[in-house]
Amino acid sequence: MVDVLKTVIEIGLEKPVKVLHITDTHITESNENDDQRMKDLIEMRRRTFEKEGGHPPKKPQEYLTEAFDLAEAEGAFPVLTGDIMDLDSAGCRKVLHECLDGKDFLFTAGTHEFQRSSCTPRCCPLEEEGTYYEDTREALKKEFLWNWDSDSRVIGGVDLVTLDDSQGFFTLGAYEKLKNEIEKSLPMILFMHVPPVCDTLKWPPYVGENKYMRFSQEEFEISRKTVGLINTTPLVKATFAGHWHCDSRYPDDQPPTFVTPGTFAGKVRMIEIR
Ligand SMILES: [Fe+2]
């Protein structure tokens with residue numbers, strides 16, 4: 001990898017637990033099963049991420065494979081927080097199979113897994129008609145059998161929890177998952193795509209008025225309650241997210257939040273929980 005960021009979370013464990021946070025790989029591939037529009041879009045997006053990543057010497061999927069090799073070598077459990085593929089193309093899905101089939105990891109989706117254009121489906125209904133978002137999500141869940149929503153794994157006495165906020169708000173499933181995990185009374189490390197410090201997760205200023213938004217008042221109320229639960233539950237020791245493609249840290253927040261840069265630039269975060 002080009003850069004392995006390191007973060008230590010002290011919670012008084014007898015034996016440390018290592019987690020490798022992988023996010024925003026933004027695989028950009030097309031193949032013979034994609035139409036010309038998708039091929040052109042993929043080419044445009046590939047150039048975008050080459051530029052944003054500072055023209056890294058390797059492809060995003062090569063960094064993703066390196067990340068899994070690093071996790072195995074270091075005895076770290078991989079957690080992926082979305083935008084692993086940039087668009088829902090046949091080429092991206094093929095590479096996703098090649099990189100992740102048979103691997104053990106936690107996953108929660110990002111904004112991009114469900115996209116076939118340059119815009120997020122639920123943000124821009126003008127670009128994506130009808131039930132495109134729901135249909136794509138269901139199709140991906142059938143093709144890739146890992147959990148796409150909210151999931152958890154207890155390792156070494158720590159509860160690693162992924163929460164779905166892939167479309168810019170915490171879902172009802174994420175809220176209920178968090179409430180259920182709290183019942184375990186274990187220290188928790190949370191993972192999500194959009195950082196919980198993002199204002200739109202708490203209360204957007206444009207609900208119901210902006211014609212480009214499909215979010216309902218109820219959805220944002222659930223999201224606001226989820227953020228409130230994260231901020232007031234002492235069992236939540238830290239949160240990790242992606243989405244912003246940069247290394248941002250909010251160590252003084254309760255709980256502290258860390259934003260990990262994109263794997264497309266050869267960057268991952270090794271978390272040691274002690
Ligand atoms: Fe991203």
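Based on this model, can you work out whether residue 178 counts as assigned to a loop (DSSP other than H, G, I, E, B), open to solvent by less than 70 Å² (accessible area, probe 1.4 Å) and modelled with pLDDT of 95 or more?
Working: assigned to a loop (DSSP other than H, G, I, E, B): no; open to solvent by less than 70 Å² (accessible area, probe 1.4 Å): yes; modelled with pLDDT of 95 or more: yes.
No: the conditions fail for residue 178.
Here the condition is being open to solvent by less than 90 Å² (accessible area, probe 1.4 Å), outside any strand (DSSP E or B) and closer than 18 Å to residue 99 by Cβ; of 41, 20, 13, 70, it holds for 70 alone.
On the basis of being more than 16 Å from the ligand (Cβ to nearest atom) and touching a residue at least 40 places away in the same chain (Cβ under 8 Å), does residue 259 make the cut?
Numbers: more than 16 Å from the ligand (Cβ to nearest atom): no; touching a residue at least 40 places away in the same chain (Cβ under 8 Å): yes.
In short, no.
Looking at region 23-30, can you tell me whether even one residue there is acidic (Asp, Glu), at pLDDT 95 or above and within 15 Å of the ligand (Cβ to nearest atom)? Yes, that holds for at least one residue.
Listed by first and then second residue, the pairs linking a residue in region 37-59 that is in contact (Cβ under 8 Å) with a residue 12 or more places away in the chain and farther than 20 Å from residue 91 by Cα to a residue that is in a helix (DSSP H, G or I) and open to solvent by 70 Å² or more (accessible area, probe 1.4 Å), with Cβ atoms under 8 Å apart and 6 or more places separating them unless they lie on different chains, are 56/50. Residues in region 23-32 that are of a type in the set (Asp, Glu) and open to solvent by less than 10 Å² (accessible area, probe 1.4 Å): 24 only.
Could you please give the count of residues in region 76-112 that are away from the ligand (no atom under 15 Å from the Cβ) and part of a loop (DSSP other than H, G, I, E, B)? Of the residues in that region, 7 qualify.
Select from region 236-254 the residues that are touching a residue at least 60 places away in the same chain (Cβ under 8 Å) and surrounded by 15 or more Cβ atoms within 10 Å (Cβ to Cβ) and list them in ascending order. Residues satisfying the conditions are 237, 238, 240, 241, 242, 243, 245. Within region 73-100, if we keep just the residues that are of a type in the set (Gly, Ala, Ser) and over 24 Å from residue 31 (Cβ atoms), the residue that is most open to solvent (accessible area, probe 1.4 Å) turns out to be 73. If the condition is being surrounded by fewer than 19 Cβ atoms within 10 Å (Cβ to Cβ) and either modelled with pLDDT under 95 or of a type in the set (Asp, Glu) (or both), then region 148-171 contributes only 149. Against the test of being modelled with pLDDT of 90 or more and open to solvent by less than 40 Å² (accessible area, probe 1.4 Å), the options 204, 196, 187 yield a single qualifying residue, 187.
I'm checking my understanding of the structure. Among residues of region 259-274 that are open to solvent by 20 Å² or more (accessible area, probe 1.4 Å) and closer than 20 Å to residue 10 by Cβ, which one is nearest to the chain's Cα centre (by Cα)? The residue in question is 272.
The values are calculated or read from the model by the stated rules, or taken from the named source; none is laboratory data. All of these numbers come straight from a predicted model, not from anything done at the bench. Reconstructed Cβ throughout: ideal geometry from the backbone, glycine too, with neighbour counts over all protein chains shown. These area figures cover heavy atoms from the full protein model, side chains too; ligands, DNA and RNA do not enter into them. Shrake-Rupley method; radii C 1.70, N 1.55, O 1.52, S 1.80 Å.
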